[in-house]
1. Please give the helix 106-118 orientation as an angle from the longest Cα principal axis of the chain, in degrees from 0 to 90, rounded to the nearest 10.
2. Report, to the nearest 10°, how far helix 31-44 tilts away from the longest principal axis of the Cα atoms in the chain, using its own Cα long axis and a range of 0 to 90°.
3. For the pairs 114/236; 135/183; 135/275; 32/120; 205/236; 156/178, note any where the Cα-Cα span goes beyond 32 Å.
4. Under 5 Å between amide H atoms, partner at least 5 residues away or on a different chain: which partners does residue 219 have, H built in plane at 1.01 Å?
5. For the stretch 74-165, with the dipole built from +1 on Lys and Arg beta-carbon atoms and -1 on Asp and Glu ones, taken about the Cα centre, which of 165, 137, 153 lies farthest toward the positive end?
6. Which whole-number percent is the relative contact order of the chain (Cα, under 8 Å, 6+ apart)?
7. Out of the DSSP beta bridges found with both residues in the stretch 123-254, what percent are antiparallel (nearest 5)?
8. Would you kindly calculate the mean projected area, averaged across all directions, of the convex hull enclosing the Cα atoms of the stretch 54-139, in square nanometres?
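The values are calculated or read from the model by the stated rules, or taken from the named source; none is laboratory data. Predicted model, so just to flag it, every value in this text is computed and none were measured. Glycine gets a Cβ as well: all are built from the backbone with ideal geometry, and neighbour counts include every protein chain shown. For the accessible areas, the whole protein counts, side chains as well, though only heavy atoms, and no ligand, DNA or RNA atoms are used. Shrake-Rupley method; radii C 1.70, N 1.55, O 1.52, S 1.80 Å.
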Amino acid sequence: MSVTIKDVARVAGVSPSTVSRVISNSPSISEKTKTKVRTIMDELKYYPNMNARSLVNSTSRIIGLVLPDNTDTFYQNPFFPTVLRGMNEVANEEKYTLLLSSGNTEDERLDRIKTMVFGKQVDGLIFLYSKINDKIIHFLKEINFPFVVIGTPTIKAVNSVDNDNEGMSYEITSQIIKQGRKKIAFVGGEKSLNFIELRYEGYRKALEEHGIEVDQSLVFNEFQFLSNVGYQLVEKLLELPELDGVVIADQLVARGIRSGWETAGKEPIPMATFKAYESYKSCEKYELFMDINAQKLGNSALSMLLDIITFKHAENNTQRYIQEIVEAELVL
């Protein structure tokens, strides 16, 4: 049985109206009382219904978007606005609103998600990332709440939309090898994110299948996906003797590396990355990339989630899970 505002009031020793004023952060309530009531709310796992929905199947027509840990990456990386453009197309057609959810830590983000879910603020959630051992995904699975992950989750039985990250990385690394290059670096990022591990795996397989030993001194990880980070990484790349190619897992980092390489006045070498923008034919013979069709990723993720929400309310339904792969295009 769900916890009510009366339950909170009884345990806290205050009136239901006082609890209500604490929820609205009324200045008429002392900080001492607010702290006490909020502590009881946490202990009882009470989350106020911000939309005051009373019908079991009522909907908010709002979809929550779960942002990655690092919000700087979200606001600066071209992948995210491109994905949002795809989701917004579907949202406009279906008369839905998108609501961003963020936090400085995973626990902060989890608390925010709990408020959104138990407060019936959203009908479903879309994760704009996929990471290993995600607390939020575990929580949503426990309560059987509709969500879709843009990425490849490590947890089984999760609805997701993604590219074939391993296959893409294998293909683009092979293209560099076909140019006669053998000392090829891999610039990844945050290893807790599944797509970095998958793109590394494709890079590794391409090297091994072409008889090239994987050299861990050529592998760079654990940094944010920002252009200035890529620019700074050039200093380390320049220390590598005979480096003749680079596979870069993130487009924004690649932009910084290219800029830093040109500033250093070095001869161009093949640099490959995964691009969120629409395809274009580059005039630079050393540049190649995978167009990951990010707008389609967003479009497919929201369409999938709306289907799941509709299916969940259908009679006699059984649980199903969907993993959709969006095709990418190699641009030479």
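1. It works out to around 50 degrees.
2. 80 degrees
3. 114/236; 135/183; 156/178
4. 186
5. Among 165, 137, 153, the one farthest towards the positive end of the dipole of the stretch 74-165 is 137.
6. Value for the chain: 18 percent.
7. 10 percent
8. That works out to 6.0 nm², a quarter of the Cα hull's surface.
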